[in-house]
Structure formats: C-alpha cells, structure tokens
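Reviewing the structure listed below.
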Amino acid sequence: MNNVTKANQENKSKKKGVIASIPNETIGLVFALFAIVAIFSLFNKNYFSLANMMNILVAASLTGLVAIGESYLVIAGLVDLSAGSVAAFASVLAAVLLSSGVGFFLTVVIVVIVGIMVGLINGLVITKIKLEPFIATLATMSIIRGFAYIICDGRPIYISNELAIAFGRNRLLGIPYPVIILIVAFIVFGIVLAKTRFGRSIYVIGGNKEAARLAGLNPKKITLKLFMITSALASLGGVILATRMNSGQPSAALGLEFDAITAAVLGGIAFSGGVGTIFGTVLGVLILQGFNTGLIMMNVPSFWQLVARGMLLLIALGFDYLRKRNREKKLLEESMAALNK
C-alpha cells in the first residue's frame, strides 16, 4: 500500500513539474515585455500611451502574420527566408491590380493565391530536388524581390482605391483592421497547432522525421502545406502593408523574415524543431515590435537599430540554446531515474 501511495505521489509531483515548467517560461516572456515597456517609458512618457500601444500593434501586423508561418516551419525543423520578398512582391502586385481597376477583395484573393503558388514552388524545390530550405528560400528571396522591381519598373505604385485606403486607416470598435486580422490569425493558427492532427504532425516532424514516417505521416506533403501557408500569410501581410502605406513598394519588408524568426525564437520556439506555441510567438512579436518602436521613439540612428536588432536575434538564439540544454538535461535525468527503478 505504501509503495502505491509513493508511486502516486511521484506521478503527481512529475505532473506538477511539467505544468510548472510551462508557465515559468511564459512568465519570463511577460516580464521581459513589461520590462521593455517600463524602460522605454522612462525615456519617453508617450511610449506608454493607448495611441502608441495601438501603433505598436499596427506595426506588428505584418511581422506577426509572417511570424505565424515561420513558427510553423521552425517547429517542423524548416525555415523560409523568402517571406520578406514575398510580402514586398505582394504589396506591388496589389497596387498594380488596384491601379488597373480590379476590386479590393478580388485583389486580396489573387495576391494570396499567387503567394500560395510561391510557397508551393519553395516546397517542391525542397521536397523534390532535395535542396536545403535555407538555400532554396535564399534563392527564392532574390528571385521574388527581383520580380517585385520588374513589375513596377523599380518605382513605387500609389493606390487610389478608396476601399483599400479605408481598410488601412479605418477601425472597428476602435481597433484598426490590420490588428483585427492579426488577432484572428493568431487565434485560428494557435488552435490549429495545439488542437488538430495537422498541428500535432508538425511537432512530430520537427522532433523526428523518421518517426513521423513510421507513424504514417507524409513529411513531404506537410512540408508543402507549411510553405504554402507561410507565403500566403506573407502575401496577406504585403496587401495590408500596401493599404497602410497607400502604395506598393518593391524595397519594402527588407529583413522581415529575420524579424519573424527572431520573434518566434524569442517566444520559445526551438530552432532545432519540435517545441513551441503560437502564444509564445505572440509574446515574441510584442517584445520585438515594442523594442523596435522604443528605439525609434528614442531617435536611435537607423544603423544602430540594425545592430540592436541583430543583438536581439543573438540573445534569442542564446536563450534557445539554454532551453535546449535544459530539456536535454531533464530528459537525461528522467532516463537515469527510470533505469534506477
């Protein structure tokens, strides 16, 4: 009887340990977010204001959408470096279509479909030709950016469509439309990742592709879907960017993919794959955008902003390394404890 009681107590303590380990990381991210707000508020009293908080969310709408797609990919052990170029191309294509008299909603549909096709090409190159995702999407990044310049002859294309302009400026219940789309996307993709078979398969692939095959999954098919989702979200973000800027800019969204990856890794998604949540990505996006906005409000020169963002990515990767080491240490301890029983 004592042995049974002892075993039950041990199981309860293990469950408590697992449950406690999840909020600890989340609490750390929330604390970092509050620390950023507090620090920048000391230097600029306007930082912690409703107007600026809303501006941060609007600015985060593009990075946030791409960060969702990158989160899916990184959890699966993949990466997409073409997302920024896809967003820029989408903004220019949207401006071209709107200037040609195509309706706003039809423009959105066409641009997102084109984005899906770009993602399909990325996925096929990786699954069929067997190129590494880093190399394949690096090539696509250059090609798509080049097409963005080609279709507009290297010049910005201004948008006069009233509905598109209204979308970029208007609000619903005081919340800008881009922010509403971002919130809906976070909720939908968060539920898909956490509660569906497709979401669970992403974790399995990121953890062990061979085990995924043995479990009856098709890693190639899932890889195609993930790249299509990422490019579709980048394209949607590009349209939103165009409506906010009232123009399509071929030079827009430079380094967007690195910001999105930084936000995902900051939010606790393991760069080695198999670990992470969309909620963590939400916090990562808010931390990153809050940090960037704070630097701008402090009038930090743009060159130093690049340095600071690079250091933030380095810090994120450092934390990822520490989290990975802690997970490996915990697994080793659990394995040794199991052997000693």
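The values are calculated or read from the model by the stated rules, or taken from the named source; none is laboratory data. Source: prediction; values computed, not measured. Note that we place each Cβ from the backbone using ideal geometry, even for glycine, and neighbour counts take in every protein chain shown.
Which one of the conditions (1) surrounded by fewer than 20 Cβ atoms within 10 Å (Cβ to Cβ); (2) modelled with pLDDT of 90 or more; (3) of a type in the set (Phe, Trp, Tyr) does PHE31 fail to meet, given that it meets all the rest?
Going through (1) surrounded by fewer than 20 Cβ atoms within 10 Å (Cβ to Cβ); (2) modelled with pLDDT of 90 or more; (3) of a type in the set (Phe, Trp, Tyr) one by one, PHE31 breaks only (2).
ILE116 passes all but one of (1) over 17 Å from the mean Cα position of the chain (by Cα); (2) β-branched (Val, Ile, Thr); (3) surrounded by fewer than 20 Cβ atoms within 10 Å (Cβ to Cβ); which number fails?
(1)
For MET298, are the conditions met, namely being farther than 19 Å from VAL66 by Cα and either touching a residue at least 40 places away in the same chain (Cβ under 8 Å) or among the aromatic types (Phe, Trp, Tyr) (or both)?
yes
Results for (1) within 16 Å of the chain's Cα centre (by Cα); (2) of a type in the set (Ser, Thr, Tyr); (3) over 27 Å from LYS324 (Cβ atoms), shown as yes or no for each residue.
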position	(1), (2), (3)
VAL188	yes, no, yes
ARG200	no, no, no
LEU217	no, no, no
ILE222	no, no, no
THR230	yes, yes, no
ALA234	yes, no, yes
ALA242	no, no, yes
PRO250	no, no, yes
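With (1) among the hydrophobic types (A, V, I, L, M, F, W, C); (2) more than 22 Å from the chain's Cα centre (by Cα); (3) closer than 19 Å to GLU257 by Cα as the list, and VAL102 as the residue in question, which single condition is left unmet?
(3)
Residues that are out of contact with any strand residue (DSSP E or B) (no Cβ under 7 Å at 6 or more places or on another chain), closer than 30 Å to SER100 by Cβ and exposed (fewer than 12 other Cβ atoms within 10 Å of the Cβ): does segment 185-197 have at least one?
No, segment 185-197 contains no residue that is out of contact with any strand residue (DSSP E or B) (no Cβ under 7 Å at 6 or more places or on another chain), closer than 30 Å to SER100 by Cβ and exposed (fewer than 12 other Cβ atoms within 10 Å of the Cβ).
Return the only residue of ARG155, ARG213 being of a type outside the set (Phe, Trp, Tyr), more than 30 Å from LEU97 (Cβ to Cβ) and either out of contact with any strand residue (DSSP E or B) (no Cβ under 8 Å at 6 or more places or on another chain) or without any contact (Cβ under 8 Å) to a residue 24 or more places away in the chain (or both).
Going through ARG155, ARG213 in turn, just one is of a type outside the set (Phe, Trp, Tyr), more than 30 Å from LEU97 (Cβ to Cβ) and either out of contact with any strand residue (DSSP E or B) (no Cβ under 8 Å at 6 or more places or on another chain) or without any contact (Cβ under 8 Å) to a residue 24 or more places away in the chain (or both): ARG213.
Residue check, ARG155 against (1) of a type in the set (D, E, K, R); (2) closer than 23 Å to SER251 by Cα; (3) under 21 Å from the mean Cα position of the chain (by Cα), all met but one. Which one?
Evaluating ARG155 over (1) of a type in the set (D, E, K, R); (2) closer than 23 Å to SER251 by Cα; (3) under 21 Å from the mean Cα position of the chain (by Cα) leaves (3) as the failure.
Residue-by-condition table, conditions (1) exposed (fewer than 12 other Cβ atoms within 10 Å of the Cβ); (2) over 20 Å from ALA253 (Cβ atoms):
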site	(1), (2)
VAL179	no, no
GLY199	no, yes
ALA211	yes, yes
LEU214	yes, yes
ILE229	no, no
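How many of the residues making up segment 128-159 are part of a helix (DSSP H, G or I) and crowded, with 18+ Cβ neighbours inside 10 Å?
8
Quick check: anything in segment 44-61 in a helix (DSSP H, G or I), within 29 Å of TYR203 (Cα to Cα) and modelled with pLDDT of 95 or more?
Looking through segment 44-61, none of the residues is in a helix (DSSP H, G or I), within 29 Å of TYR203 (Cα to Cα) and modelled with pLDDT of 95 or more.
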